[in-house]
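**Student:** My questions all concern the structure below.
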Amino acid sequence: MRATSFRVGEAAVMGASLFTPAQIRSLAAVEGKPVFLVNPQEVHSQLMRQAEVESAQVSVRWPNQVRIQVKERRPVVAWIEDGKTWWLSADGVAFLEHGDWPGLIRVESSERALEINDDPTSPAIVPDVIDTAIALASLVPQADRLFFDRGQGLGFRDPGGWLVYFGTSGDMAQKFRLYQTLRESLTAIGRPVTQVSVADPTAPYYR
């Protein structure tokens with residue numbers, strides 16, 4: 001058998017959606033290598049350094065085949081800060097946006113909140129914030145975006161024009177019911193309002 005028969009051609013890639021198969025092959029960098037020089041663990045390690053990749057399996061098959069199966073993190077939040085959009089998965093890992101992705105919850109941060117460091121697979125924000133964004137977005141599907149403030153947590157702009165904040169943890173449904181009661185009271189007395197907070201449901205307030 002000729003030596004060229006042992007050189008890897010185009011690796012078979014499965015499970016990629018955020019990345020294209022061509023991008024996964026580029027990261028793997030096995031094309032044209034003799035199959036006996038391909039180290040599956042090294043390829044696996046390279047793939048696992050990508051924030052988008054949650055898990056990967058790499059197998060080598062004689063005489064010249066490499067198969068790559070990836071499971072990608074699914075973005076749930078489009079987080080906007082400092083003029084840049086990051087996609088966040090449910091475990092709080094951040095990666096730059098990849099074109100369009102349906103159903104993302106948009107969050108605009110008034111300040112730098114994500115912790116982006118040298119390890120792209122470490123959480124950029126605690127998962128509680130993601131859970132809260134999901135819960136809050138389900139309660140106000142008419143809101144086109146949420147807002148984040150370090151002191152107040154997550155909130156949205158009420159049709160009345162003011163911002164209402166709910167914190168980053170706790171029972172969002174309970175807080176939302178509390179807010180609805182508070183909103184009815186404020187509307188009834190006709191007070192001008194710029195901000196409402198039910199982040200601490202035992203001490204809600206408005207400005």
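The values are calculated or read from the model by the stated rules, or taken from the named source; none is laboratory data. A quick note: this is a predicted structure, and the numbers were derived from the prediction, not measured. Cβ: placed from backbone, ideal geometry, glycine included. Neighbour counts: every protein chain shown.
**Student:** Could we say that Tyr205 is of a type outside the set (Gly, Ala, Ser), more than 19 Å from Ser138 (Cα to Cα) and touching a strand residue (DSSP E or B) at 6+ places or on another chain (Cβ under 7 Å) here?
**Tutor:** Details: of a type outside the set (Gly, Ala, Ser): yes; more than 19 Å from Ser138 (Cα to Cα): yes; touching a strand residue (DSSP E or B) at 6+ places or on another chain (Cβ under 7 Å): yes.
So Tyr205 fits the description; yes.
**Student:** Given the conditions (1) aliphatic (A, V, I, L, M); (2) in contact with a strand residue (DSSP E or B) (Cβ under 7 Å, 6 or more places away or on another chain); (3) under 30 Å from Ala137 (Cα atoms), and given that Val93 satisfies all but one, which numbered condition is not satisfied?
**Tutor:** Among (1) aliphatic (A, V, I, L, M); (2) in contact with a strand residue (DSSP E or B) (Cβ under 7 Å, 6 or more places away or on another chain); (3) under 30 Å from Ala137 (Cα atoms), the lone unmet condition for Val93 is (2).
**Student:** Out of all the residues in segment 120-161, which are out of contact with any Asp or Glu (no Cβ under 8 Å at 6 or more places or on another chain), more than 20 Å from Glu54 (Cβ to Cβ) and of a type in the set (Gly, Ala, Ser)?
**Tutor:** Across segment 120-161, the qualifying residues are Ala135, Ala137, Ser138, Ala143, Gly151, Gly153, Gly160, Gly161.
**Student:** So which pairs qualify, if the first residue must be in segment 119-139 and polar (S, T, N, Q), the second must be crowded, with 16+ Cβ neighbours inside 10 Å and not in a loop (DSSP other than H, G, I, E, B), the Cβ gap must be under 8 Å, and the two must be at least 6 apart or on different chains?
**Tutor:** Filtered contacts from segment 119-139: Thr132/Gly153; Thr132/Leu154; Thr132/Gly167; Thr132/Met172.
**Student:** Which residue out of Val58, Val53 is farther than 27 Å from Gln142 by Cβ, in contact with a Leu (Cβ under 6 Å, 6 or more places away or on another chain) and surrounded by 13 or more Cβ atoms within 10 Å (Cβ to Cβ)?
**Tutor:** On the way: Val58 fails: in contact with a Leu (Cβ under 6 Å, 6 or more places away or on another chain).
Criteria check complete, one pass: Val53.
**Student:** What number of residues within segment 38-85 are farther than 15 Å from Ala16 by Cβ and either of a type in the set (A, V, I, L, M) or assigned by TED's automatic domain parsing to the domain that holds Pro120 (or both)?
**Tutor:** Matching residues across segment 38-85 total 12.
**Student:** Would you pick out the residues in segment 18-35 that are small (Gly, Ala, Ser) and modelled with pLDDT under 95? Reasoning before the result, please.
**Tutor:** Within segment 18-35, the first condition is being small (Gly, Ala, Ser), and the residues that meet it are 22, 26, 28-29, 32.
Hit for segment 18-35 is Gly32, nothing else.
**Student:** Go through segment 142-184 and count every residue that is among the polar types (S, T, N, Q) and either within 24 Å of Glu81 (Cα to Cα) or in contact with a Lys or Arg (Cβ under 9 Å, 6 or more places away or on another chain) (or both). Spell out the reasoning first.
**Tutor:** The first filter runs over segment 142-184 and keeps only residues among the polar types (S, T, N, Q), leaving 142, 152, 168-169, 174, 180-181.
From the residues that got through so far, the ones that are either within 24 Å of Glu81 (Cα to Cα) or in contact with a Lys or Arg (Cβ under 9 Å, 6 or more places away or on another chain) (or both) too are 142, 152, 168-169.
Within segment 142-184, residues that are among the polar types (S, T, N, Q) and either within 24 Å of Glu81 (Cα to Cα) or in contact with a Lys or Arg (Cβ under 9 Å, 6 or more places away or on another chain) (or both) number 4.
**Student:** Residue check, Arg191 against (1) more than 20 Å from Lys84 (Cα to Cα); (2) out of contact with any Phe, Trp or Tyr (no Cβ under 8 Å at 6 or more places or on another chain); (3) surrounded by fewer than 17 Cβ atoms within 10 Å (Cβ to Cβ), all met but one. Which one?
**Tutor:** Of everything listed in (1) more than 20 Å from Lys84 (Cα to Cα); (2) out of contact with any Phe, Trp or Tyr (no Cβ under 8 Å at 6 or more places or on another chain); (3) surrounded by fewer than 17 Cβ atoms within 10 Å (Cβ to Cβ), Arg191 misses just condition (2).
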